[in-house]
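Some notes on the structure that comes next.
The values are calculated or read from the model by the stated rules, or taken from the named source; none is laboratory data. This is a predicted model, so every value here is computed, not measured. Methodologically, a virtual Cβ is constructed for each residue, glycine included, from the backbone with ideal geometry; neighbour enumeration extends over all protein chains shown. Note: areas computed on protein heavy atoms with side chains; ligands, DNA, RNA excluded. Shrake-Rupley method; radii C 1.70, N 1.55, O 1.52, S 1.80 Å.
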Amino acid sequence: MKIWFICKVKYAKEDDKGILKNVSENYLVDAVSFTEAEARIYDELGSIIRGDFQVTNISKSNIVDVFHYDDIDIWHKCKITYVVADEDSGKEKKVTQVMLVSAHDVKEAYDRIRESLNNMLVSFRIPEVIESNIVEIFPYVSDEDKEPEIPENFRRLESDEAAELKNETTDEEENTPVEEETE
């Protein structure tokens with residue numbers, strides 16, 4: 001389960017008229033601890049924000065899932081409720097969860113969250129959808145999932161060249177003498 005942290009960042013932002021104005025913005029970071037959240041927000045924003053910035057607050061959020069659509073970066077907070085049966089007592093229990101979805105407006109956010117959750121096995125309600133003040137979200141991406149950067153002076157091999165290179169290395173391995181261990 002992901003743990004989302006809200007990081008409040010304060011910095012000087014240039015407005016449309018070119019005047020610097022101090023602003024505070026909220027960013028959502030997927031991390032395992034407050035320390036990692038702070039390190040990641042400094043790492044992520046270091047290349048985006050020009051000049052100095054300061055992380056003024058980090059708090060654990062109650063957001064359980066995030067649904068990103070590429071067409072817009074306006075985030076809406078959606079409250080989802082559903083009823084489940086408690087396994088021990090057999091009583092019904094109401095569960096409330098908060099999720100984020102990117103959408104142009106509240107109606108589209110409602111439609112997108114409904115579409116994203118249509119495979120839930122229990123029926124659910126969406127009693128509240130509000131526009132969030134979160135500017136950007138930084139989910140965790142493992143090093144294995146990141147695409148390696150290819151230096152500019154390198155080029156990709158065509159499939160014929162790659163097959164030929166593979167055959168050459170296989171031939172070289174076959175011709176390499178193997179030393180036997182002596183006792």
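Calculated on the alpha-carbon coordinates, the convex hull of the stretch 34-133 measures out at 145 cubic angstrom per residue.
In the complete set of protein chains, residue-level accessible area for Val55 is approximately 20 Å², probe 1.4 angstrom. Among Ile6, Ile80, the order of accessible area from largest down is Ile6, Ile80, computed with a 1.4 Å probe on protein heavy atoms.
Over 19 Å apart at the Cα level, from the set Lys13/Lys77; Lys60/Lys107; Lys8/Lys60; Lys2/Lys77; Lys77/Lys107; Lys79/Lys107, are Lys13/Lys77; Lys60/Lys107. A crude spin-label estimate for the pair Asp71 and Asp15, with each label 7 Å from Cα along the Cβ direction, gives 3.2 nm.
Largest to smallest in accessible area, the residues Asp86, Asp30 fall in the order Asp86, Asp30 (1.4 Å probe, all protein chains included).
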